[in-house]
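Worksheet: one structure, shown below.
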Amino acid sequence: MRWWDIDPVLELEKDLFPEDTWSRGMFWSELAHARGPAATRRYVVAEAEGRIVGYAGLVAAGDQGDIQTIAVARSHQGTGLGGRLLAELLRAATAFECHEVMLECRVDNVRAQKLYERFGFEPIGFRRGYYQPGNVDALVMRLTTASDGGSAAGPSSDPEQGTEING
């Protein structure tokens, strides 16, 4: 993801997360930490037919990664794109030498929970009222990477025809 992707990403953000939409400033702040030798963030976009249809972001701190967001346009949900975005973030976590990756997921987002479980994430707790203003609880999930130098990239999947993921 680059600065010129922020406007189309915000359009998707508003459509998919109307109650807790990230602001333009939040994306700018994340991208400010995504380049150069001291980078601690990895944000990617997925494009199809010249438009952004998904995006995802990861923060790395020490040996822990935290998935900040994964979003897929309604027109591309159920195509495997969410899994491809997640795999890209897990590759980044491996590159950042993260030994575990954490995430929060709305308790009512069963589809996302199943995706994360397929990649080896396990539920470890809840954050009450995490998503505001709706006061929806978050399920906290964790993936512990292999200590033998294995990758956190999860299961491989065939890329969706015509969709490209760009960092």
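The values are calculated or read from the model by the stated rules, or taken from the named source; none is laboratory data. Only a predicted model underlies this, so the values are computations on that prediction, with no experimental measurement involved. Neighbour counts run over all protein chains shown; Cβ positions are idealised from the backbone, glycine included.
Details
- Listed by first and then second residue, the pairs linking a residue in the stretch 77-93 that is among the polar types (S, T, N, Q) to a residue that is modelled with pLDDT under 95, with Cβ atoms under 9 Å apart and 6 or more places separating them unless they lie on different chains, are 77/111; 79/160; 79/163.
- Scanning the stretch 1-31 for residues that are loosely packed, with under 12 Cβ neighbours inside 10 Å and farther than 21 Å from residue 133 by Cβ returns 3, 4, 7, 28.
- Single condition residue 69 does not satisfy, out of (1) touching a residue at least 40 places away in the same chain (Cβ under 8 Å); (2) of a type in the set (S, T, N, Q); (3) in contact with an Asp or Glu (Cβ under 7 Å, 6 or more places away or on another chain): (3)
- Odd one out for residue 31, checked against (1) of a type outside the set (Phe, Trp, Tyr); (2) touching a residue at least 24 places away in the same chain (Cβ under 8 Å); (3) out of contact with any His (no Cβ under 6 Å at 6 or more places or on another chain); (4) within 22 Å of residue 115 (Cα to Cα): (4)
- Output for the stretch 55-83, where each listed residue is touching a Lys or Arg at 6+ places or on another chain (Cβ under 8 Å) and surrounded by 24 or more Cβ atoms within 10 Å (Cβ to Cβ): 57, 58
- Residues of the stretch 109-131 classified as over 26 Å from residue 45 (Cβ atoms) and either surrounded by 13 or more Cβ atoms within 10 Å (Cβ to Cβ) or in contact (Cβ under 8 Å) with a residue 12 or more places away in the chain (or both), total: 6
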